Amino acid sequence: MLHRCVMQQQAESLSWIRHLEPETCSLIACRLRRHAVRQLAALHVCGAALAHAPSLDERASAIERAREELERLEGGSELYRELLGRELLDEAAPEAAKVPIPSSWIDAAAAQLALSLAARIELGRDQTLAAPFAYLSLRALAEQTEHINAARAALCDLCDTSQAAADSASQCLGRWLLVALDLLDAGDTRRAYLAQIEREIRVIGLKVALCSWESLWQ
């Protein structure tokens, strides 16, 4: 009985899909695939952070971030299945497998900053779509902002320890920026991303050249 009630609630919660135009369904499905690739990549980052974190608090934060990403991925998979009758993970996993895994705590913090900023840019675009989908994205936006703040704080602390650490952080972020840009749509989305990451670079005090990428992603 309980299982039937849960299934009925899930079906009712997705009933709004039946009223969407085909073009809107296609656009939402495309957004879900992009989100899933980043979510899977973020889970790899969380795993690396758990392995390399310098404290129990940082490890606990990595576990919590992984839980949030898994929850969003599960919700997106259910919605994708309802939209297209296909499995989201099957279609997102091959691209996510191309994303590197961080090899150190500095690398994991840089990856978290780069990927979470990309996620926030894309999630902000979702606010123009169907209201229930936009609401789900709005909840995820708040979580990504928390992830960005945590990564910024970790990088600031690391850069304060030594110039060598600051140089390493700059190199790591430079590599992850390219990964994040590849996961974004062309045009305005990438330009908006570069504008936001430039502010983060200034706040943290890193040395990452963006001028060459600005022309590359026009």
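Bear in mind that the values in this text are calculations on the coordinates, not laboratory data. What you are looking at is a predicted structure, and each value in this text was computed from that prediction instead of being measured. Virtual Cβ from ideal backbone geometry, glycine too; neighbours counted across all protein chains shown.
If the only charges are +1 at each Lys and Arg Cβ and -1 at each Asp and Glu Cβ, what is the size of the charge dipole of the stretch 153-209 around the Cα centre, to the nearest 20 debye? Display every interim value, and only then the final one.
On the way: 6 positive and 8 negative charges, 28 e Å.
It works out to roughly 140 debye.
In the stretch 18-157, if the dipole is taken from +1 on Lys/Arg beta carbons and -1 on Asp/Glu beta carbons about the Cα centre, which of LEU115, ALA97, GLN127 is farthest to the positive end? In the stretch 18-157, that residue is GLN127. Rounded to the nearest 20, the size of the Cβ-charge dipole of the stretch 30-135 about its Cα centre is 280 debye, with Lys and Arg at +1 and Asp and Glu at -1.
The phi torsions of the stretch 37-45, fed into the Karplus equation with coefficients 6.51, -1.76 and 1.60 and a -60° offset, translate into couplings of 4, 5, 5, 5, 5, 5, 5, 4, 5 Hz, rounded to whole numbers, with Gly and Pro shown as x.
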